[in-house]
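Heads up, the thing below is written out as structure tokens.
The values are calculated or read from the model by the stated rules, or taken from the named source; none is laboratory data. None of these values were measured; they are calculated from a predicted model. Using ideal geometry, Cβ is built from the backbone for each residue, glycine included, and neighbour counts are taken over all protein chains shown.
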Amino acid sequence: MFNKILVAVDGSPASEKALAAAVDLAARYKAEITAISVASFPEVVSTIGEADELRRSAEARYRQIGEAAVEYARSRGVLLRSVVVRGHAADAIVRYAETEGADLLVVGQHGHSRIARFFLGSTTDRVSEHCPCTVMIVK
């Protein structure tokens, strides 16, 4: 049923649950699985040096999260590839899913308050609305 699974990971408890579900599905369907993390940066920074430092720091953090995902999957007998991309989280995830031909995207449900979610939306909401493949939201 699923041949290419993409799971969004950011180190949050919600993404850890999504990772567990995605790895289980990858094992069950013998599917390829990729963990994606998105390094996004503030719109305004005071210096170029500060922007470079923020970028390096974020990318290093997400590489560590990806490495942990690879190890988790390996411990369950699943080969997982990890990637870190730059951009706005929802846009980058949807674009990557399209480019890679994912047929399932697994994301965690994030704990925004109802008021914040109403006004701001969430990455999960945006991804589920715009992603061309099946989206599984793990609670």
Exercise for the section: Could you tell me whether any residue of segment 14-27 is under 21 Å from Ile137 (Cα atoms), surrounded by 15 or more Cβ atoms within 10 Å (Cβ to Cβ) and in contact with a helix residue (DSSP H, G or I) (Cβ under 6 Å, 6 or more places away or on another chain)? Expected result: yes
Problem - From the options Thr34, Thr124, Thr47, residue that is modelled with pLDDT under 90 and surrounded by 17 or more Cβ atoms within 10 Å (Cβ to Cβ) - result: Thr124
Problem - Test: residue in segment 68-80 that is at pLDDT 95 or above and in contact with a His (Cβ under 7 Å, 6 or more places away or on another chain) - result: no
Practice task
Say whether the condition of being outside any helix (DSSP H, G or I) and of a type in the set (Ser, Thr, Tyr) is met by at least one residue in segment 89-110.
Solution key: no
Practice task
Can you run down the residue pairs with Cβ atoms below 6 Å, 6 or more apart or on separate chains, where the first is in segment 123-135 and in a helix (DSSP H, G or I) and the partner is surrounded by fewer than 21 Cβ atoms within 10 Å (Cβ to Cβ) and not hydrophobic (A, V, I, L, M, F, W, C)?
Solution key: Thr124/Gln109; Thr124/His110
